[in-house]
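Every number here is computed from the coordinates shown, using simple stated rules; none is lab data. Since we're looking at a predicted model, the values are computed, not measured. In this analysis, Cβ positions are derived from the backbone assuming ideal geometry, glycine residues included, and neighbour counts consider all displayed protein chains.
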Amino acid sequence: MRTRPLKVALLGCGVVGSEVARIMTTHADDLAARIGAPVELAGVAVRRPSKVREGIDPALVTTDATALVRRGDIDIVIEVIGGIEPARALITTAFENGASVVSANKALLAEDGASLHAAAEKYGRDLYYEAAVAGAIPLVRPLRESLAGDKVNRVLGIVNGTTNFILDKMDTSGAGYSEALDEATALGYAEADPTADVEGFDAAAKAAILAGIAFHTRVKIGDVHREGITEVTAADIASARRMGCTVKLLAICERAADGASVTARVHPAMIPLSHPLASVREAYNAVFIEADAAGQLMFYGPGAGGSPTASAVLGDLVAVCRNKLGEATGPGESAYTRLPVSPMGEVVTRYHISLDVADKPGVLAQVATVFAEQGVSIDTVRQQGKDGEASLVVVTHRAPDAALSGTVEALRKLDTVRGVASIMRVEGE
Ligand SMILES: NC(=O)c1ccc[n+]([C@@H]2O[C@H](COP(=O)([O-])OP(=O)(O)OC[C@H]3O[C@@H](n4cnc5c(N)ncnc54)[C@H](OP(=O)(O)O)[C@@H]3O)[C@@H](O)[C@H]2O)c1
């Protein structure tokens, strides 16, 4: 074993960084044995230097992250600050100054992964980011390496624990969205400002990263169609139950049937209770991958939290250290297919539509005509009437999203349709 240690700069020492530092210290001997050299924490960059950080030598702490990555003797930079800047500039500076990088930064990778990969390649460094997608769950490496010889056609995942917790609470207790969100906040599953989670931004960043790796192309967060869970009602969940389904916020990345384009989207959807993703409860994550040769694979586990996320960071640290000692680099960006990302209107799926209508003869025929005119074929219709008003629940066969939008627009113009109570896609069948 080499005795000279590999030097690690830790940028950020919050929820994830503090756990990375702890495991690096407590598992130091095992890490050294697995890598073939000891790893030394050479510096820790933070924003608030006076904060007490258990297990961290105060002499290592600095607020000057740029100076730390420019030191020249740093082998690996672990970036767990988050956000776009200064993280992007620090990662690029690390490459320029001889270091490889491990990052957990989904926002940055989904926004500008291509230029970070280009910088890594230019300077002959590694860029690893297993922790950026679904915390502890191995996904990036299985897609980049284990499935590199296969053809992935679909990635369907629950990649946000906060929203899964909220939807699961609504499903099991009958609670409304606000009530379930309050419980998630009280238990620490939702942040004080839950926007990134409940509006689907966090899941969209992960979908962009997964789609890019799975289909060997480039997908940015802006290419991902995004709808959050704030409009999901207790009635939607009850309706899903009646259909033998549950509601999940899904990240769905698909290769088109003709192989000429891809789509990436995040939205709530009904999935059958028999689908493996339906049994993913509370704040757990799971990702279902369909590949030509492998068939169906499912990855399941804790998608966030300091310790699970640190596990993924440490796995990357070991890989990058091994590469460094072998004077090699791991896989870089594989985006050779350059497949275009199609708009949401071209996505083909099934829909569950709930309408409030007048309870009088001919309404069903009128509604059915609108669907037919828009080329959306109906699978089932359920009608329930009360005091001159009725609700109509229509489940369609597969149709393009644009045709569904046209249908809904036309339905709203019918005198007999009082309102469109809910529209939800049906997936996983
Ligand atoms: N938390 C999770 O469960 C989780 C899961 C997967 C991925 N991630 C990703 O991991 C990254 C870190 O998340 P986190 O939850 O650990 O965040 P966090 O708890 O907010 O920690 C951020 C850390 O960065 C430091 N920092 C902020 N601005 C800085 C600057 N300009 N220079 C130097 N240090 C700076 C902060 O310093 P102070 O301590 O002084 O404030 C803090 O130590 C993010 O990219 C996030 O998306 C997190």
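For G200, enumerate residues with amide H under 5 Å from its amide H, sequence gap 5+ or separate chain, H modeled in the peptide plane.
For G200, whose amide H was placed from the backbone, the distant partners under 5 Å are I229.
Could you derive backbone 3J(HN,Hα) for the range 182-198 from the dihedral phi with the Karplus parameters 6.51, -1.76 and 1.60 (θ = phi - 60°), listing whole Hz in sequence and x where the residue is Gly or Pro?
Values, residue by residue: 4, 5, 4, 5, 4, 8, x, 7, 10, 7, 4, 9, x, 3, 4, 7, 6 Hz.
Which value in Å does the Kirkwood hydrodynamic radius of the range 270-402 take, with 1/r averaged over all unlike C-alpha pairs and then inverted?
After inverting the pairwise mean of 1/r, the radius is 20.3 Å.
Quick check on the exposure proxy: order K122, K206, K106 from fewest to most C-beta atoms within 10 angstrom.
K122, K106, K206
About its Cα centre, what dipole magnitude does the range 121-206 give when the only charges are +1 on Lys and Arg Cβ and -1 on Asp and Glu Cβ, stated in debye to the nearest 20? Mind showing how you got there, number by number?
Numbers: 8 positive and 15 negative charges, 129 e Å.
Approximately 620 debye in magnitude.
log10 I(q)/I(0), Debye, Cα-only the chain, no solvent, q = 0.13 Å⁻¹?
Relative scattering, expressed as log10 I(q)/I(0), comes to -1.09.
Dividing the alpha-carbon Rg of the range 146-204 by 2.2 N^0.38 Å yields what?
Expressed relative to 2.2 N^0.38 Å, the Cα Rg reads 1.43.
In the Gaussian network model of the chain, springs joining C-alpha atoms below 10 Å, which of G113, G212, G259 carries the largest mean-square fluctuation?
G259
Have a look at C245, V417, L10 and report the one farthest towards the positive end of the charge dipole of the chain, computed about the Cα centre with Cβ charges (Lys/Arg +1, Asp/Glu -1).
Working it through, the farthest residue towards the positive pole turns out to be L10.
Taking every DSSP beta bridge with both residues inside the chain, roughly what % is antiparallel (nearest 5)?
The antiparallel fraction comes to roughly 70 percent.
In nm, to one decimal, how far is the S50 label point from the D73 one, both placed 7 Å along Cα→Cβ?
Modelled inter-label distance: 3.0 nm.
Can you sort H216, H352 from fewest to most other Cβ atoms within 10 Å of each residue's own Cβ? Walk me through the intermediate numbers first.
Numbers: H216 19, H352 23.
In increasing order of surrounding Cβ atoms, one gets H216, H352.
If the reach is capped at under 18 angstrom between alpha carbons, list the aspartates and glutamates near K360, excluding any in the same chain fewer than eight residues apart.
By straight Cα distance, K360 reaches D387, E389, D415.
Going by amide H atoms built from the backbone, whose H comes under 5 Å of the H on V61, apart from near neighbours?
Amide H neighbours of V61: V44.
Please state the charge dipole magnitude for the chain, taken about the Cα centre, from unit charges on C-beta atoms (+1 on K and R, -1 on D and E), reported in debye and rounded to the nearest 20.
I would put it at about 640 debye.
Arrange E333, E327, E19 by Cβ neighbour counts within 10 Å, fewest through most, would you?
Sorted ascending by nearby Cβ count, the order is E327, E333, E19.
Please find, in a Gaussian network model of the chain (springs between Cα atoms separated by less than 10 Å), the residue of G82, G124, G345 whose mean-square fluctuation is greatest.
G345
Among residues other than A251 whose Cβ falls under 12 Å from its Cβ, what is the net charge (Lys/Arg +1, Asp/Glu -1)?
Neighbour charge sum, excluding A251 itself: +2.
Among T369, A207, V348, whose Cα sits farthest toward the positive end of the charge dipole of the chain (+1 at Cβ of Lys/Arg, -1 at Cβ of Asp/Glu, about the Cα centre)?
A207
Restrict the search to the range 164-258; then list the chymotrypsin sites (Phe, Trp or Tyr not before Pro) that DSSP places in a loop and that have at most 10 other Cβ atoms within 10 Å of their Cβ.
Filter output for the range 164-258: empty list.
Hey, in the GNM for the chain with a 10 angstrom Cα cutoff, which one of L109, L210, L411 fluctuates hardest?
L411
Calculate for the chain the 222 nm mean residue ellipticity that helices alone would give, adding -39,500 (n - 2.57) per DSSP H run of length 4 or more and normalising by residue count, nearest 500 deg cm²/dmol. Please list the in-between numbers first.
Values: 13 runs with 147 residues, N = 429.
Roughly -10500 deg cm²/dmol at 222 nm, from the helical runs in the chain.
Cα to Cα, under 22 Å, and not fewer than 8 places away if on the same chain: which lysines meet these conditions relative to K151?
Leaving aside lysines fewer than 8 places away in the same chain, those within reach of K151 are K206, K220.
Over the Cα atoms of the range 28-78, compute the convex hull volume and normalise it per residue, giving Å³. Walk me through the numbers before you get to the answer.
Working: hull volume 4.5 nm³, N = 51.
With only Cα atoms used, the range 28-78 gives 89 Å³ per residue.
For S279, what is the net charge nearby, where nearby means another residue's Cβ is under 12 Å from its Cβ and Lys, Arg count +1, Asp, Glu -1?
Net charge around S279: -1.
Report the calculated FRET efficiency for A89 and Q296 (r = Cβ-Cβ distance, R0 = 30 Å), to the nearest 0.05. Mind dumping the intermediate values first?
Details: r = 41 Å, r/R0 = 1.37.
That pair, A89 with Q296, gives E of 0.15.
Local charge sum around S391 (other residues, Cβ-Cβ under 13 Å, Lys/Arg +1, Asp/Glu -1)?
Residues close to S391 contribute a combined charge of -1.
Extension gain D359-A260, at 0.36 nm per residue separation less the Cα-Cα distance, in nm?
Extra length from D359 to A260 when fully extended: 31.0 nm.
Say each of R34 and S377 gets a label point 7 Å from the Cα, pointing the same way as Cα to Cβ; how far apart are those two points in nm?
That separation, rounded to one decimal, is 5.2 nm.
Through the Karplus equation 6.51 cos²θ - 1.76 cosθ + 1.60, θ set to phi - 60°, convert the phi angles of the range 72-85 into ³J(HN,Hα) values in whole Hz; use x for Gly and Pro.
Rounded to whole hertz, the list is x, 9, 8, 8, 9, 10, 9, 9, 10, 8, x, x, 7, 10.
Any idea what the dipole of the range 181-296 comes to, in debye rounded to 20, about its Cα centre with Lys/Arg Cβ at +1 and Asp/Glu Cβ at -1?
Once rounded to the nearest 20, the dipole reads 360 debye.
Among rounded, prolate and oblate, which fits the range 45-179 when a ≥ b ≥ c are the square roots of the eigenvalues of its C-alpha gyration tensor, a/c under 1.5 means rounded, and a/b larger than b/c means prolate? The partial results should precede the final answer.
Values: a/c = 2.64, a/b = 1.35, b/c = 1.96.
Judged from the Cα gyration tensor, the range 45-179 comes out oblate (a/c at least 1.5, b/c at or above a/b).
Tell me, what is the Rg over Rh of the range 122-238, with Rh the Kirkwood radius over Cα pairs?
Radius of gyration over Kirkwood radius for the range 122-238 works out to 1.05.
³J(HN,Hα) across the range 333-350 via Karplus (A = 6.51, B = -1.76, C = 1.60, θ = phi - 60°), whole Hz, x for Gly/Pro?
These are the phi-based 3J(HN,Hα) values: 5, 10, 10, 5, 6, 6, 6, x, 9, 6, x, 4, x, 8, 5, 10, 7, 9 Hz.
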